[in-house]
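Q: For reference, the structure I am asking about is given below.
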Amino acid sequence: MTSNKWISLLSILVVVILHAAPIHGLVGSDDQKTFNGGGDSERIAKMVKLEMAKRNVTQQRRNLGYFSCGTGNPIDDCWRCDPHWHDNRKQLADCGIGFGRNAIGGRDGRYYVVTDPSDDDAVNPRPGTLRHAVIQDEPLWIIFERDMVITLKQELIMNSFKTIDGRGANVHIAYGACITIQFISHVIIHGLHIHDCIPTGNAMVRSSPSHYGWRTMADGDAVSIFGSSHVWVDHNSLSHSADGLVDAVMGSTALTISNNYFTNHNEVMLLGHSDSYVKDKLMQVTIAFNHFGENLVQRMPRCRHGYFHVVNNDYTHWEMYAVGGSAAPTINSQGNRFLAPFNPFAKEVTRRAETNEDWKDWNWRSDGDLMLNGAYFVQSGAGASASYARASSLGAKPSTLVGSMTTNAGALLCYPGSQC
(Lines give C-alpha, C1' and ligand atoms only; values in the text may rest on other atoms or scores of the structure.)
Protein backbone atom coordinates (compact mmCIF):
# COMPACT_ATOMS: atom_id res chain seq x y z
CA MET A 1 0.00 0.00 0.00
CA THR A 2 1.41 3.42 -0.94
CA SER A 3 1.90 6.12 1.69
CA ASN A 4 -0.87 8.25 0.12
CA LYS A 5 -3.33 5.36 0.29
CA TRP A 6 -2.34 4.68 3.92
CA ILE A 7 -2.88 8.34 4.84
CA SER A 8 -6.26 8.27 3.11
CA LEU A 9 -7.21 5.09 4.96
CA LEU A 10 -6.36 6.59 8.33
CA SER A 11 -8.31 9.72 7.45
CA ILE A 12 -11.37 7.67 6.64
CA LEU A 13 -11.07 5.76 9.92
CA VAL A 14 -10.74 9.00 11.89
CA VAL A 15 -13.87 10.39 10.21
CA VAL A 16 -15.81 7.23 11.00
CA ILE A 17 -14.73 7.32 14.64
CA LEU A 18 -15.45 11.03 15.10
CA HIS A 19 -18.88 10.86 13.48
CA ALA A 20 -20.08 7.64 15.09
CA ALA A 21 -23.29 8.32 17.01
CA PRO A 22 -22.55 8.37 20.75
CA ILE A 23 -24.29 5.92 23.03
CA HIS A 24 -25.32 7.58 26.23
CA GLY A 25 -24.57 5.76 29.46
CA LEU A 26 -21.97 6.02 32.13
CA VAL A 27 -18.98 7.99 30.94
CA GLY A 28 -15.86 9.49 32.42
CA SER A 29 -15.32 13.21 32.80
CA ASP A 30 -14.37 15.35 29.79
CA ASP A 31 -10.71 15.51 30.71
CA GLN A 32 -10.55 11.71 30.54
CA LYS A 33 -11.57 11.61 26.87
CA THR A 34 -8.28 12.93 25.50
CA PHE A 35 -6.00 10.54 23.60
CA ASN A 36 -3.32 9.20 25.85
CA GLY A 37 0.18 9.61 24.48
CA GLY A 38 1.97 8.86 21.21
CA GLY A 39 2.73 5.24 22.09
CA ASP A 40 -0.90 4.21 21.76
CA SER A 41 -1.19 6.10 18.50
CA GLU A 42 1.69 4.20 16.92
CA ARG A 43 0.42 0.84 18.19
CA ILE A 44 -3.09 1.47 16.90
CA ALA A 45 -1.77 2.57 13.50
CA LYS A 46 0.14 -0.70 13.16
CA MET A 47 -2.82 -2.75 14.36
CA VAL A 48 -5.25 -0.96 12.04
CA LYS A 49 -2.92 -1.79 9.15
CA LEU A 50 -2.92 -5.46 10.14
CA GLU A 51 -6.70 -5.43 10.55
CA MET A 52 -7.19 -3.90 7.11
CA ALA A 53 -4.96 -6.59 5.60
CA LYS A 54 -7.14 -9.23 7.26
CA ARG A 55 -10.25 -7.39 6.03
CA ASN A 56 -8.93 -7.50 2.46
CA VAL A 57 -8.50 -11.26 2.70
CA THR A 58 -12.00 -11.58 4.12
CA GLN A 59 -13.40 -9.49 1.28
CA GLN A 60 -11.67 -11.72 -1.25
CA ARG A 61 -13.24 -14.78 0.36
CA ARG A 62 -16.64 -13.08 0.27
CA ASN A 63 -16.20 -12.39 -3.44
CA LEU A 64 -15.52 -16.08 -3.94
CA GLY A 65 -18.86 -16.89 -2.39
CA TYR A 66 -17.74 -17.87 1.10
CA PHE A 67 -19.95 -15.30 2.81
CA SER A 68 -23.54 -14.24 2.65
CA CYS A 69 -25.67 -12.69 5.35
CA GLY A 70 -27.01 -16.12 6.24
CA THR A 71 -23.96 -18.32 6.82
CA GLY A 72 -25.56 -21.13 8.80
CA ASN A 73 -23.71 -19.92 11.88
CA PRO A 74 -26.64 -19.49 14.30
CA ILE A 75 -24.91 -16.83 16.42
CA ASP A 76 -23.92 -14.62 13.51
CA ASP A 77 -27.19 -15.09 11.67
CA CYS A 78 -28.99 -13.90 14.80
CA TRP A 79 -27.49 -10.38 14.79
CA ARG A 80 -24.92 -9.64 12.06
CA CYS A 81 -27.48 -9.10 9.29
CA ASP A 82 -28.88 -6.06 11.13
CA PRO A 83 -27.35 -2.82 9.75
CA HIS A 84 -28.60 -1.12 12.92
CA TRP A 85 -26.65 -3.42 15.26
CA HIS A 86 -25.08 -0.29 16.74
CA ASP A 87 -28.46 0.76 18.10
CA ASN A 88 -29.42 -2.78 19.09
CA ARG A 89 -26.23 -3.98 20.75
CA LYS A 90 -27.99 -5.87 23.50
CA GLN A 91 -29.66 -8.16 20.97
CA LEU A 92 -26.38 -10.08 21.11
CA ALA A 93 -27.29 -11.41 24.57
CA ASP A 94 -30.23 -13.26 23.02
CA CYS A 95 -28.05 -14.97 20.40
CA GLY A 96 -26.08 -17.33 22.62
CA ILE A 97 -25.83 -21.06 21.93
CA GLY A 98 -24.54 -24.09 23.74
CA PHE A 99 -24.02 -24.57 27.43
CA GLY A 100 -23.36 -20.86 27.95
CA ARG A 101 -26.48 -19.76 26.10
CA ASN A 102 -28.10 -18.28 29.23
CA ALA A 103 -25.25 -15.85 29.89
CA ILE A 104 -26.91 -12.44 29.71
CA GLY A 105 -23.95 -10.30 30.69
CA GLY A 106 -25.02 -6.69 31.20
CA ARG A 107 -28.18 -6.95 29.11
CA ASP A 108 -30.41 -5.59 31.87
CA GLY A 109 -28.16 -2.69 32.79
CA ARG A 110 -26.98 0.64 31.41
CA TYR A 111 -24.24 1.27 28.87
CA TYR A 112 -20.83 2.25 30.17
CA VAL A 113 -18.55 3.98 27.66
CA VAL A 114 -14.83 3.41 28.21
CA THR A 115 -13.11 6.68 27.35
CA ASP A 116 -9.69 6.20 28.96
CA PRO A 117 -7.26 3.37 28.03
CA SER A 118 -5.05 3.89 31.10
CA ASP A 119 -4.75 1.54 34.09
CA ASP A 120 -2.73 3.53 36.60
CA ASP A 121 -4.28 2.30 39.86
CA ALA A 122 -5.65 -1.22 40.35
CA VAL A 123 -7.12 -0.32 43.75
CA ASN A 124 -8.73 3.01 42.91
CA PRO A 125 -9.42 2.89 39.16
CA ARG A 126 -10.27 6.12 37.40
CA PRO A 127 -13.85 6.56 36.11
CA GLY A 128 -13.96 6.02 32.37
CA THR A 129 -11.44 3.16 32.44
CA LEU A 130 -12.21 -0.48 31.70
CA ARG A 131 -11.21 -1.49 35.21
CA HIS A 132 -13.62 1.00 36.75
CA ALA A 133 -16.40 -0.44 34.56
CA VAL A 134 -15.94 -4.15 35.25
CA ILE A 135 -15.82 -3.90 39.06
CA GLN A 136 -19.21 -2.21 39.47
CA ASP A 137 -21.96 -4.13 41.28
CA GLU A 138 -24.71 -3.23 38.80
CA PRO A 139 -25.21 -4.89 35.40
CA LEU A 140 -23.38 -2.95 32.68
CA TRP A 141 -22.96 -3.23 28.91
CA ILE A 142 -19.44 -1.89 28.38
CA ILE A 143 -18.48 -0.30 25.04
CA PHE A 144 -15.57 1.82 23.81
CA GLU A 145 -15.47 5.43 22.64
CA ARG A 146 -12.65 4.83 20.16
CA ASP A 147 -9.81 2.50 19.17
CA MET A 148 -7.47 1.85 22.06
CA VAL A 149 -4.72 -0.37 23.44
CA ILE A 150 -5.27 -1.19 27.11
CA THR A 151 -2.19 -2.39 28.95
CA LEU A 152 -3.32 -3.65 32.33
CA LYS A 153 -0.96 -3.35 35.30
CA GLN A 154 -2.74 -6.19 37.14
CA GLU A 155 -5.43 -8.78 36.37
CA LEU A 156 -8.75 -7.31 35.25
CA ILE A 157 -10.96 -8.88 37.92
CA MET A 158 -14.55 -8.72 36.77
CA ASN A 159 -17.84 -8.53 38.64
CA SER A 160 -21.03 -10.39 37.65
CA PHE A 161 -23.47 -9.31 34.95
CA LYS A 162 -21.04 -7.56 32.64
CA THR A 163 -20.65 -7.48 28.87
CA ILE A 164 -17.42 -6.19 27.34
CA ASP A 165 -18.42 -5.33 23.77
CA GLY A 166 -15.60 -4.22 21.47
CA ARG A 167 -17.71 -3.82 18.32
CA GLY A 168 -17.24 -0.54 16.49
CA ALA A 169 -13.72 0.00 17.81
CA ASN A 170 -10.35 -1.71 17.45
CA VAL A 171 -9.71 -2.65 21.09
CA HIS A 172 -6.60 -4.51 22.22
CA ILE A 173 -5.95 -5.81 25.72
CA ALA A 174 -2.26 -6.47 25.39
CA TYR A 175 1.29 -6.31 26.78
CA GLY A 176 0.21 -6.68 30.41
CA ALA A 177 -2.23 -8.60 32.57
CA CYS A 178 -5.48 -9.81 31.03
CA ILE A 179 -8.99 -10.94 32.05
CA THR A 180 -9.93 -12.89 35.20
CA ILE A 181 -13.49 -14.17 35.73
CA GLN A 182 -13.47 -15.56 39.27
CA PHE A 183 -16.41 -16.79 41.40
CA ILE A 184 -18.95 -14.77 39.39
CA SER A 185 -21.63 -15.40 36.74
CA HIS A 186 -23.20 -13.94 33.61
CA VAL A 187 -20.28 -12.53 31.66
CA ILE A 188 -20.00 -11.93 27.90
CA ILE A 189 -16.61 -11.10 26.33
CA HIS A 190 -17.04 -10.05 22.70
CA GLY A 191 -15.04 -8.39 19.97
CA LEU A 192 -11.64 -7.93 21.60
CA HIS A 193 -8.04 -8.56 20.58
CA ILE A 194 -6.37 -10.19 23.59
CA HIS A 195 -2.69 -10.96 23.24
CA ASP A 196 0.78 -10.79 24.74
CA CYS A 197 -0.58 -11.38 28.25
CA ILE A 198 2.06 -11.69 30.97
CA PRO A 199 2.17 -12.92 34.58
CA THR A 200 1.43 -10.21 37.14
CA GLY A 201 0.54 -10.15 40.82
CA ASN A 202 1.87 -9.75 44.33
CA ALA A 203 -0.24 -6.62 44.49
CA MET A 204 -3.52 -5.23 45.75
CA VAL A 205 -6.35 -5.32 43.18
CA ARG A 206 -9.96 -4.14 43.49
CA SER A 207 -12.73 -6.59 42.51
CA SER A 208 -15.81 -4.53 43.50
CA PRO A 209 -16.59 -1.05 44.82
CA SER A 210 -16.45 -2.40 48.37
CA HIS A 211 -13.58 -4.91 48.18
CA TYR A 212 -9.95 -5.11 47.20
CA GLY A 213 -7.37 -7.66 48.25
CA TRP A 214 -3.94 -9.15 47.75
CA ARG A 215 -3.40 -11.10 44.53
CA THR A 216 -0.62 -13.64 44.25
CA MET A 217 1.12 -14.17 40.91
CA ALA A 218 -1.23 -14.92 38.02
CA ASP A 219 -0.22 -17.30 35.24
CA GLY A 220 -0.69 -14.91 32.35
CA ASP A 221 -3.82 -16.39 30.75
CA ALA A 222 -5.64 -14.30 28.17
CA VAL A 223 -9.01 -15.27 29.71
CA SER A 224 -9.03 -17.11 33.04
CA ILE A 225 -12.37 -18.56 34.21
CA PHE A 226 -12.21 -19.73 37.82
CA GLY A 227 -15.20 -21.14 39.72
CA SER A 228 -17.63 -19.24 37.48
CA SER A 229 -20.75 -20.02 35.45
CA HIS A 230 -22.79 -18.66 32.54
CA VAL A 231 -19.83 -17.25 30.63
CA TRP A 232 -19.75 -16.63 26.88
CA VAL A 233 -16.48 -15.79 25.07
CA ASP A 234 -17.33 -14.89 21.46
CA HIS A 235 -15.65 -13.33 18.40
CA ASN A 236 -12.30 -12.51 19.98
CA SER A 237 -8.81 -12.79 18.49
CA LEU A 238 -6.43 -14.41 20.98
CA SER A 239 -2.69 -15.10 20.70
CA HIS A 240 0.75 -14.93 22.30
CA SER A 241 0.18 -15.29 26.04
CA ALA A 242 2.33 -16.62 28.85
CA ASP A 243 0.01 -19.50 29.80
CA GLY A 244 -3.36 -20.39 28.26
CA LEU A 245 -5.54 -18.41 25.89
CA VAL A 246 -8.74 -19.61 27.58
CA ASP A 247 -8.51 -21.61 30.81
CA ALA A 248 -11.58 -22.71 32.79
CA VAL A 249 -11.04 -24.46 36.13
CA MET A 250 -12.27 -25.05 39.69
CA GLY A 251 -15.88 -26.07 39.00
CA SER A 252 -16.61 -23.58 36.23
CA THR A 253 -19.57 -24.61 34.08
CA ALA A 254 -22.24 -23.40 31.61
CA LEU A 255 -19.59 -22.00 29.26
CA THR A 256 -19.57 -21.30 25.53
CA ILE A 257 -16.36 -20.51 23.63
CA SER A 258 -17.41 -19.52 20.10
CA ASN A 259 -16.33 -17.71 16.93
CA ASN A 260 -12.84 -16.99 18.25
CA TYR A 261 -9.64 -16.95 16.23
CA PHE A 262 -6.73 -18.60 18.04
CA THR A 263 -3.18 -18.23 16.73
CA ASN A 264 0.51 -18.27 17.71
CA HIS A 265 0.36 -20.17 20.98
CA ASN A 266 1.39 -23.42 22.62
CA GLU A 267 -1.19 -24.52 25.23
CA VAL A 268 -4.38 -23.01 23.84
CA MET A 269 -7.24 -24.08 26.12
CA LEU A 270 -7.36 -25.95 29.44
CA LEU A 271 -10.73 -27.12 30.75
CA GLY A 272 -10.47 -28.68 34.20
CA HIS A 273 -8.17 -27.89 37.11
CA SER A 274 -6.44 -31.22 37.80
CA ASP A 275 -7.04 -34.94 37.61
CA SER A 276 -7.75 -34.97 41.36
CA TYR A 277 -10.22 -32.06 41.40
CA VAL A 278 -13.46 -33.99 41.07
CA LYS A 279 -15.78 -30.95 41.25
CA ASP A 280 -14.95 -30.44 37.59
CA LYS A 281 -17.07 -33.51 36.85
CA LEU A 282 -20.01 -31.08 36.61
CA MET A 283 -18.29 -28.92 33.99
CA GLN A 284 -20.13 -28.45 30.69
CA VAL A 285 -18.46 -26.47 27.89
CA THR A 286 -19.41 -25.81 24.28
CA ILE A 287 -16.59 -25.04 21.83
CA ALA A 288 -18.17 -23.98 18.54
CA PHE A 289 -17.41 -22.15 15.27
CA ASN A 290 -13.84 -21.28 16.29
CA HIS A 291 -10.85 -21.19 13.98
CA PHE A 292 -7.75 -22.80 15.44
CA GLY A 293 -5.16 -21.23 13.19
CA GLU A 294 -1.50 -20.76 12.49
CA ASN A 295 1.33 -21.67 14.87
CA LEU A 296 -0.75 -23.54 17.45
CA VAL A 297 0.75 -26.55 19.19
CA GLN A 298 -1.74 -28.34 21.47
CA ARG A 299 -4.77 -28.17 23.82
CA MET A 300 -7.65 -27.19 21.53
CA PRO A 301 -8.91 -28.08 24.14
CA ARG A 302 -7.36 -30.28 26.84
CA CYS A 303 -10.23 -31.58 29.00
CA ARG A 304 -10.64 -33.14 32.45
CA HIS A 305 -13.61 -34.87 34.10
CA GLY A 306 -16.55 -32.98 32.56
CA TYR A 307 -18.65 -32.86 29.40
CA PHE A 308 -17.37 -31.11 26.30
CA HIS A 309 -19.16 -30.46 23.02
CA VAL A 310 -16.65 -29.63 20.28
CA VAL A 311 -18.76 -28.68 17.29
CA ASN A 312 -18.25 -27.09 13.84
CA ASN A 313 -14.76 -25.75 14.48
CA ASP A 314 -12.05 -25.34 11.85
CA TYR A 315 -8.69 -26.85 12.81
CA THR A 316 -6.09 -25.77 10.26
CA HIS A 317 -2.93 -26.02 12.39
CA TRP A 318 -1.55 -28.08 15.22
CA GLU A 319 1.94 -29.40 15.96
CA MET A 320 1.29 -32.08 18.62
CA TYR A 321 -2.46 -32.75 18.76
CA ALA A 322 -5.79 -30.91 18.68
CA VAL A 323 -8.18 -32.45 21.25
CA GLY A 324 -6.87 -34.13 24.38
CA GLY A 325 -7.63 -34.93 27.98
CA SER A 326 -7.30 -37.00 31.11
CA ALA A 327 -9.46 -38.09 34.07
CA ALA A 328 -12.21 -39.62 31.90
CA PRO A 329 -13.83 -36.57 30.27
CA THR A 330 -16.70 -37.05 27.83
CA ILE A 331 -15.81 -35.46 24.48
CA ASN A 332 -18.43 -35.17 21.76
CA SER A 333 -16.73 -34.04 18.53
CA GLN A 334 -19.24 -33.23 15.79
CA GLY A 335 -19.03 -31.60 12.40
CA ASN A 336 -15.49 -30.25 12.75
CA ARG A 337 -12.90 -29.93 10.01
CA PHE A 338 -9.47 -31.30 10.96
CA LEU A 339 -6.57 -30.56 8.63
CA ALA A 340 -3.55 -32.54 9.85
CA PRO A 341 -0.01 -31.12 9.67
CA PHE A 342 2.50 -32.54 7.21
CA ASN A 343 4.46 -34.14 10.05
CA PRO A 344 3.66 -37.88 9.68
CA PHE A 345 3.92 -38.34 13.46
CA ALA A 346 1.29 -35.68 14.28
CA LYS A 347 -1.69 -36.84 12.23
CA GLU A 348 -3.73 -37.98 15.24
CA VAL A 349 -6.31 -35.42 16.33
CA THR A 350 -6.56 -36.86 19.85
CA ARG A 351 -4.18 -37.30 22.76
CA ARG A 352 -4.81 -39.08 26.07
CA ALA A 353 -2.49 -37.77 28.76
CA GLU A 354 -0.36 -40.34 30.54
CA THR A 355 -2.62 -42.04 33.02
CA ASN A 356 -3.00 -45.23 35.02
CA GLU A 357 -6.66 -45.42 33.98
CA ASP A 358 -7.94 -47.53 31.13
CA TRP A 359 -8.83 -44.78 28.67
CA LYS A 360 -10.65 -47.22 26.42
CA ASP A 361 -13.70 -46.69 28.67
CA TRP A 362 -13.67 -42.90 28.22
CA ASN A 363 -16.49 -41.61 26.02
CA TRP A 364 -14.80 -39.86 23.10
CA ARG A 365 -16.51 -39.89 19.73
CA SER A 366 -16.13 -38.33 16.31
CA ASP A 367 -19.45 -37.81 14.57
CA GLY A 368 -19.49 -36.27 11.09
CA ASP A 369 -16.01 -34.75 11.38
CA LEU A 370 -14.11 -34.08 8.15
CA MET A 371 -10.58 -35.54 8.27
CA LEU A 372 -8.06 -34.04 5.84
CA ASN A 373 -4.41 -34.74 5.01
CA GLY A 374 -4.39 -37.99 6.95
CA ALA A 375 -5.99 -36.70 10.16
CA TYR A 376 -7.61 -39.36 12.33
CA PHE A 377 -9.56 -39.40 15.60
CA VAL A 378 -9.12 -42.30 18.05
CA GLN A 379 -12.54 -43.00 19.52
CA SER A 380 -13.24 -44.80 22.78
CA GLY A 381 -16.01 -45.73 25.20
CA ALA A 382 -19.66 -46.40 24.54
CA GLY A 383 -20.93 -45.96 21.03
CA ALA A 384 -24.53 -45.26 22.06
CA SER A 385 -25.66 -41.68 21.54
CA ALA A 386 -27.29 -41.71 24.99
CA SER A 387 -23.81 -41.69 26.52
CA TYR A 388 -23.28 -38.20 25.06
CA ALA A 389 -26.53 -36.55 26.18
CA ARG A 390 -24.75 -34.38 28.78
CA ALA A 391 -22.12 -33.43 26.17
CA SER A 392 -24.65 -32.30 23.55
CA SER A 393 -25.62 -28.64 23.48
CA LEU A 394 -26.74 -27.78 19.93
CA GLY A 395 -27.35 -29.42 16.59
CA ALA A 396 -24.19 -29.82 14.56
CA LYS A 397 -24.16 -28.55 10.97
CA PRO A 398 -22.44 -30.60 8.23
CA SER A 399 -18.65 -30.30 8.32
CA THR A 400 -18.72 -29.16 4.68
CA LEU A 401 -20.17 -25.84 5.93
CA VAL A 402 -17.41 -25.17 8.44
CA GLY A 403 -15.50 -22.91 6.03
CA SER A 404 -18.39 -20.49 5.56
CA MET A 405 -19.39 -20.60 9.25
CA THR A 406 -15.90 -19.76 10.54
CA THR A 407 -14.59 -17.42 7.82
CA ASN A 408 -15.12 -14.42 10.08
CA ALA A 409 -13.96 -15.96 13.36
CA GLY A 410 -12.18 -13.49 15.60
CA ALA A 411 -12.80 -9.83 16.37
CA LEU A 412 -14.91 -8.24 13.64
CA LEU A 413 -14.53 -4.87 11.94
CA CYS A 414 -17.94 -3.32 12.46
CA TYR A 415 -19.17 0.10 11.34
CA PRO A 416 -22.42 1.79 12.38
CA GLY A 417 -25.03 1.78 9.65
CA SER A 418 -23.85 -1.35 7.86
CA GLN A 419 -23.95 -5.06 8.50
CA CYS A 420 -21.18 -6.20 10.78
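The values are calculated or read from the model by the stated rules, or taken from the named source; none is laboratory data. These numbers come from a predicted model, not from an experiment. Heads up: the accessible areas ignore ligands, DNA and RNA and are worked out on the full protein's heavy atoms, side chains in. Shrake-Rupley method; radii C 1.70, N 1.55, O 1.52, S 1.80 Å.
Q: Using a 1.4 angstrom probe and counting only protein chains, how large is the accessible area of residue 404 in Å², to 10?
A: For residue 404, solvent-accessible area is about 30 Å².
Q: Please arrange 155, 357, 267 by accessible surface area, largest first, computed with a 1.4 Å probe and ligands excluded.
A: The ordering from most to least exposed comes out as 357, 267, 155.
Q: What aspartates and glutamates does residue 90 reach when the alpha-carbon gap must be under 13 Å and sequence neighbours fewer than 8 apart in one chain are set aside?
A: Candidates past the 8-residue exclusion: 82, 108, 165.
Q: Okay, next question. Quick check: from the Cα gyration tensor, does segment 277-420 come out rounded (a/c under 1.5), prolate or oblate?
A: prolate
Q: Could you order 107, 89 by accessible surface area, starting with the largest, using a probe radius of 1.4 Å?
A: Accessible-area ranking of 107, 89, largest first: 107, 89.
Q: Okay, next question. Based on the Cα gyration tensor of segment 354-420, what are the three equivalent ellipsoid semi-axes, each the root of five times an eigenvalue, rounded to whole Å and given largest first?
A: Numbers: eigenvalues 235, 47, 36 Å².
That gives 34, 15, 13 Å for the three semi-axes.
Q: Express in nm, to one decimal, how much length is gained between residue 78 and residue 418 on full extension, taking 0.36 nm for each residue of separation and deducting their alpha carbon distance.
A: Extra length from residue 78 to residue 418 when fully extended: 120.9 nm.
Q: Next question. Could you tell me the center-to-center distance, by alpha carbons, between segment 196-228 and segment 283-303 in angstrom?
A: Distance between centres, Cα-based: 23 Å.
Q: Among the aspartates and glutamates, which have Cα under 15 Å from the Cα of residue 153 when same-chain residues fewer than 8 positions away are ignored?
A: Leaving aside aspartates and glutamates fewer than 8 places away in the same chain, those within reach of residue 153 are 116, 119, 120, 121, 196, 219, 221.
Q: Can I ask one more? For segment 69-210, compute Rg over Rh where Rg is the Cα radius of gyration and Rh is the Kirkwood radius from the inverse mean 1/r over Cα pairs.
A: 0.97
Q: Now for a separate question. Quick one: grab the alpha carbon gyration tensor of segment 121-169, order the square roots of its eigenvalues as a ≥ b ≥ c, and give me rounded if a/c is under 1.5, else prolate or oblate depending on whether a/b is larger than b/c.
A: oblate
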